[in-house]
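The values are calculated or read from the model by the stated rules, or taken from the named source; none is laboratory data. The model shown is predicted, which means the values in this text are computed figures rather than measured ones. Glycine also receives a Cβ, built like all others from the backbone with ideal geometry; neighbour counts cover every protein chain displayed. For accessibility, only protein heavy atoms count, side chains too; no ligands or nucleic acids. Shrake-Rupley method; radii C 1.70, N 1.55, O 1.52, S 1.80 Å.
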Amino acid sequence: MKFFNTGLFLSAIFTVSNADSRFNGLNYNPKRDANGCPSLDDVKSDLNVLSKYTDTLRIYSTVDCNAGEMLLKAIKGSPWKLYLGIWVGQDDNSYNADKDEIIRLSKLYDLKSYVKGVVVGSEAIYRKERTAEQMASLVSDTKSTLGSNGLGSIKVTSSETWPWYQTPLINAVDFLFVHVFPFWEGKTIEESSDVAFGHIYDLQKVAQGKKVVIAESGWPSAGDNYGASVASLTNAQKYMSDFVCRASAENIDYLYFSAIDAPWASTNNASNVESHWGIILSDHKTPKFSGNNWFDCTSAPKKPSNSTSTKTGSTQTSSSASNTSSQDSTVSSTLSSSATITPGIIVFVSTVVLSALASAIF
């Protein structure tokens with residue numbers, strides 16, 4: 001009798017997943033409610049559900065709810081990859097706690113095999129809790145700490161809304177990690193793809209050759225409208241399809257926002273939509289969209305041949321470590337970020353893999 005090979009089994013799960021509902025990555029918060037942290041079994045259950053849709057997750061804080069360690073335990077021996085978050089607030093307490101936790105975890109787990117990047121802060125500049133110079137300093141400090149602990153090969157970045165990705169931060173990061181939400185700019189669903197990618201083109205022009213990754217983008221399936229932006233299931237699926245198809249066609253890496261609906265999320269903003277950004281419902285089991293083919297890439301918007309930058313005022317909101325922060329900002333200048341990227345590669349089922357899986361189980 002042969003022993004069951006967990007790593008091979010999880011690899012096969014990713015392999016057999018439908019290519020028309022796969023994402024390069026998803027933003028993930030494992031919480032079930034505002035105050036309750038999940039168990040390891042809860043996290044494993046989430047991974048089982050989400051494995052049909054991606055092999056990469058981002059968390060906003062490594063120490064919050066012990067999310068970093070639970071994920072590293074759950075993904076051991078599998079193809080899953082992670083972006084580990086270091087939360088940055090007005091003081092250095094959360095920053096130091098998350099940074100120290102990553103170093104502690106590096107003594108227990110092979111971070112270089114599972115971690116695609118460490119993300120220092122999320123929208124701290126937008127929230128006016130830190131300046132670009134201060135965030136650049138924290139990024140440099142994180143790089144130094146990782147390097148002195150044998151983790152210098154792990155890339156370090158910071159996530160920020162596109163108008164606030166300023167030059168000092170661009171200089172400091174290994175790649176740009178940017179949030180783009182046409183919904184929070186009050187755009188119609190028809191124009192939103194061009195608006196989102198217009199911001200990315202602007203960033204690529206000033207990215208100093210660094211890679212630009214879209215760290216958050218999405219559309220709510222319910223809640224109040226915002227300007228000409230209509231929150232609905234139909235629009236959520238259209239934006240998702242247009243965005244994913246275009247990002248893949250243009251070789252732009254991304255993490256979609258978000259993995260799972262969050263009924264506990266804050267409603268203290270201009271539009272009551274924060275519970276409705278997930279691709280999975282709040283039961284952590286049910287797909288929000290029907291069928292297996294979520295993306296229609298035959299009709300997705302494409303980059304204009306004479307593409308020029310798109311400048312629009314921005315009002316966006318996006319999520320944080322354990323909550324979502326609303327944004328209301330006006331932009332006046334072209335910003336900076338990076339260019340070329342590798343999209344998530346979808347592998348199709350092969351008789352070799354199925355044969356190997358059967359051999360591993362029986």
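Place a label point 7 angstrom from the Cα of K112 along the Cα-to-Cβ direction, then list the residues of region 142-185 whose backbone nitrogen is under 11 Å away. Those under the cut-off are 150-154.
Round to a whole number: what % of the accessible area of region 27-131 belongs to carbon and sulfur, probe 1.4 Å?
45 percent
Excluding residues on the same chain fewer than 8 positions from K187, give the aspartates and glutamates whose Cα lies under 15 Å from its Cα. By straight Cα distance, K187 reaches D224, D242, D328. Using r as the Cβ-Cβ distance of C37 and K205, and R0 as 30 Å, what FRET efficiency do you calculate, to the nearest 0.05? Working from the Cβ atoms, E equals 0.10. For region 56-146, the normalised intensity computed at q = 0.24 Å⁻¹ comes to -1.22 (log10 of I(q)/I(0), Debye sum over alpha carbons, equal scatterers, no solvent). Amide H contacts under 5 Å for I86: V119, V120, G121, restricted to partners 5 or more places along the chain or on a different chain, H placed in the peptide plane at 1.01 Å from N. Proximity of backbone amide H atoms, modeled 1.01 Å from N, is registered between T161 and E123, Y126, H179 at under 5 Å, excluding neighbours fewer than 5 places apart on the same chain. Across all directions, the average projected area of the convex hull around the alpha carbons of region 109-209 is 7.5 nm². A compact globular protein would have a Cα radius of gyration near 2.2 N^0.38 Å; the ratio found for region 218-297 is 1.11.
Taking Lys and Arg as +1 and Asp and Glu as -1, the other residues whose beta-carbon sits under 11 Å from that of A124 total 0. Between K285 and A97, the modelled label-to-label distance comes to 3.2 nm, taking each label 7 Å out from Cα in the direction of the beta carbon.
A simple rule links phi to the HN-Hα coupling: the Karplus curve 6.51 cos²θ - 1.76 cosθ + 1.60 with θ = phi - 60°, which for region 247-252 gives 4, 5, 5, 9, 6, 10 Hz, with x for Gly and Pro. Along region 210-218 the Karplus relation, 6.51 cos²θ - 1.76 cosθ + 1.60 evaluated at θ = phi - 60°, assigns HN-Hα couplings of 7, 6, 9, 10, 7, 7, 8, 6, x Hz to successive residues, with x for each Gly and Pro. Under 5 Å from the amide H of R130 lie the amide H atoms of I125, each residue being 5 or more positions distant or on a separate chain, with H modelled from the backbone and absent for Pro and chain starts. Take the residue pairs K155/K211; K52/K76; K73/K211; K81/K112; K116/K285 and return only those whose Cα atoms are more than 20 Å apart. Long pairs (Cα-Cα over 20 Å): K73/K211; K116/K285.
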